[in-house]
Amino acid sequence: MKWKLWLRNLSVSAPRVAVRTQLPWALRALLALIVAALAAAGLGAMYHYARNVSTPDRSEILGELETAREQFRQAAAERERFAARAVQAENQLKVERVMQEQIALQMKTVEEDNARLKGDLAFFESLLPTASGARGVVIRSFKLQPDVDDNTVRYRLLVQQSGRPDRDFVGAVVIKVNLMHDGRADVLQLPDASHPAAGPAPLAFRHYQRLEGTFAVPAGAAVRSVQVTINAGGEMRAQQTFSM
C-alpha cells in the first residue's frame, strides 16, 4: 500500500507544490523606496529634456535676433544705395533730354538762320545794277512756295527802280496765276476784291520794294505760270512771266 502511494507521488498526476520565499517587510520597504527614487529620477530627467527641446536657450535667441537685425540693416543700406543710384541715373537722363531738346532747338534756329541768310543773299544779289540800257521800274525776282496749308501758296516779289531815281515810284502790281485744274485751264488774278488780304500791296518806293502775300488755290490744282504786271498812271511800266 505504501509502495503504491509512493509511485503515485512520482507520477504526472501527483499534486503540484509551490515553494515561496517569504521576505522581511523591512527589505520589501527598502526595495519599494529604491524603485520610487529611480522613477522620480527618470521623470526629472525626462522633464528637463523636454524643457530644453521645447524652449531654446535665451542667449541663442538673442544671438539670432541680433543677426536678423544686422541683415535688415545691411538690406536697408543696400536699398538706399540703389535708390541713390536710381535718382542719379534719372537726373542724368533728364539732363541729357534737356540737352537734346536744346540741341534740336539750336539746329532749328541755325536752319532758319541759314534760310534767312540765303534769302538775304538772293535779295542783295538782285540789287546789283541792271543792264546799262534799263530804265524805270523793273521786276528783279519773283518766287512761289507752298505755305503751311497745302492749298495755300506764298509769293515773294522784288521790284526795283533802276538808275539813280530822283523821285518815288507809285503804282500797283497785278499778278495773274495760270492754273491747271481737273484737266482744264483756270486763271486766278490778284488783287481780288473777294480776297483783299491776298494783296499785293500798292507800290510806293524810291529804290526798291519787297512784296509778300498768300493766295488759295483749288484742291488738286497746279500752278503752271505767273504773269506779273506793274502799272502806274494808267500805263503798264513792266511785265514778266514766270514759268513754274
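The values are calculated or read from the model by the stated rules, or taken from the named source; none is laboratory data. Since this is a predicted model, take the numbers as computed values, not measurements. Every residue, glycine as well, gets a Cβ built from its backbone with ideal geometry; the counts of neighbours run over all protein chains shown.
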Only residues that are at positive phi and surrounded by 14 or more Cβ atoms within 10 Å (Cβ to Cβ): list them for region 172-212, please. 199
Looking at region 155-211, what strands (runs of 3 or more DSSP E) fall wholly within it and have at least 1 residues that are under 20 Å from residue 145 (Cβ atoms), small (Gly, Ala, Ser) and touching a Ser or Thr at 6+ places or on another chain (Cβ under 8 Å)? none
Tally the residues that are loosely packed, with under 15 Cβ neighbours inside 10 Å and either in a strand (DSSP E or B) or free of Cβ contacts under 8 Å to residues at least 12 places away in the same chain (or both), restricting the search to region 213-244. 11
Can residue 163 be described as within 48 Å of the chain's Cα centre (by Cα), over 27 Å from residue 116 (Cα atoms) and at pLDDT below 85? no
